[in-house]
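Beneath this line is the structure, given in structure tokens, with notes to follow.
The values are calculated or read from the model by the stated rules, or taken from the named source; none is laboratory data. Since this is a predicted model, take the numbers as computed values, not measurements. Counting neighbours? That spans all protein chains shown, and the Cβs are built from the backbone with ideal geometry, glycine included.
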Amino acid sequence: MGSVAALALSATMALAADKTIGFAQIGSESGWRAAETTVTKQQAADRGLDLRFSDAQQKQENQIAAIRSFIAQGVDAILLAPVVATGWDAVLQEAKEAEIPVVLLDRQVDSSEDLYLTAVGSNLVHEGEVAAEWLIGAVGDKPCRIVELEGTTGSSPAIDRKTGFENTLKGHDNLQVVRSQTGDFTRAQGKEVMESFLQAENGGKDICALYAHNDDMAVGAIQAIKEAGLQPGKDILIVSIDGVPDLFKAMSEAEANATVELTPNMAGPALDALDAYWKDGTMPPKFIQTESKLYTQADDPAGEYDRRKGLGY
Ligand code: AHR
């Protein structure tokens, strides 16, 4: 590296190293969420940032209290993974008045765009579309009764993943979502709700496929399907979203069929955007989109499991 470039890099790093960031995390409801927390802490440490972390135990009021506390501490920026989409206007306005940039991670809010610097995340509607397209291809012309495990009620991934899936099924009348209920993105509730679906659907014999808004609920449902004496991945097709190691393990054992990957590294692009903003006021785009890639049993799930299992999940 030339000396000018090295100087510029060290100046940027010195700039970032002086900064304090508050991270208002949702909780640890899923393997994906735990990985996002690990990756965010690692990204901050790698850049020499002082990261103050708050786990809101999936409660919006705790996240709002954490943001107010970060404002009172005078942090240089706030990372917010908003548990639900609505109800943020007042606290985001307070952060704006305190001139503290807020970056949204992985979920969206219904607030005006001028209340946050940028949002890093996937196209959540597209994830639902990708899941539906895979299922349409797998089922063909056969009639298919689908059950759906929704994410946290009122959260942007639950709303958008449902929309994308439903829109894509339009015109494919042989595929019908016959039951839909929240499993709150957790493994335990995914299992519990799947048990009730199985009971209501002739012990599961009338269910052709499960669409779960995240892998953890799918993993819980797989357990319920096995306990009901059916073969997940064969008697009931399973498509979900996230790409966590346990889902790849299930795919390698032919107990799940497909997942749409969501990277847990939202912090990398978020901190890059903040670095540029701090350095010379560069305004990032309002949405920094991460990739959504489909994986199936044909995509070396055992290898993917090995590659991912140490990555903070
Ligand atoms: O907002 C992203 C979603 O939140 C993930 O898909 C899910 O696992 C998590 O709880």
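Only one of these is hydrophobic (A, V, I, L, M, F, W, C), within 21 Å of the chain's Cα centre (by Cα), surrounded by fewer than 22 Cβ atoms within 10 Å (Cβ to Cβ) and away from the ligand (no atom under 13 Å from the Cβ): I71, I64. Name it.
The match here is I64.
So which of V130, V177 ends up being closer than 27 Å to T86 by Cα, more than 16 Å from the ligand (Cβ to nearest atom) and crowded, with 16+ Cβ neighbours inside 10 Å?
Criteria check complete, one pass: V177.
Could you tell me which of the residues L274, L230, L247 is more than 16 Å from the ligand (Cβ to nearest atom), aliphatic (A, V, I, L, M) and in contact with a Gly (Cβ under 9 Å, 6 or more places away or on another chain)?
Matching residue, one of L274, L230, L247: L230.
Do you know which residues across segment 62-94 are closer than 17 Å to S155 by Cα and of a type in the set (D, E, K, R)?
Correct list: D89 only.
With respect to A95, is the statement that it is among the small types (G, A, S), surrounded by 15 or more Cβ atoms within 10 Å (Cβ to Cβ) and within 17 Å of the chain's Cα centre (by Cα) true?
Considered against the rule, which asks whether it is among the small types (G, A, S), surrounded by 15 or more Cβ atoms within 10 Å (Cβ to Cβ) and within 17 Å of the chain's Cα centre (by Cα), A95 comes out as no.
Only residues in segment 21-33 that are touching a residue at least 24 places away in the same chain (Cβ under 8 Å) count as the first member; pair them with residues that are of a type in the set (A, V, I, L, M) and near the ligand (Cβ under 8 Å from one of its atoms), Cβ under 6 angstrom, at least 6 apart or cross-chain, and list the lot.
Q25/A81; I26/A81; G31/V244; W32/V244
If a residue counts only when it is modelled with pLDDT of 95 or more, which helices (runs of 4 or more DSSP H) contained entirely in segment 1-99 have at least 3 such residues?
Once the helices (runs of 4 or more DSSP H) in segment 1-99 are filtered for at least 3 residues that are modelled with pLDDT of 95 or more, what remains is 31-46, 60-73, 89-97.
When you go through S155, S196 one by one, which is the residue that is under 24 Å from S30 (Cα atoms) and either away from the ligand (no atom under 16 Å from the Cβ) or among the basic types (K, R) (or both)?
Sole residue among the options that is under 24 Å from S30 (Cα atoms) and either away from the ligand (no atom under 16 Å from the Cβ) or among the basic types (K, R) (or both): S196.
Quick one: V147 ticks every box in (1) touching a strand residue (DSSP E or B) at 6+ places or on another chain (Cβ under 9 Å); (2) more than 30 Å from Q57 (Cβ to Cβ) except a single one, so which number is it?
(2)
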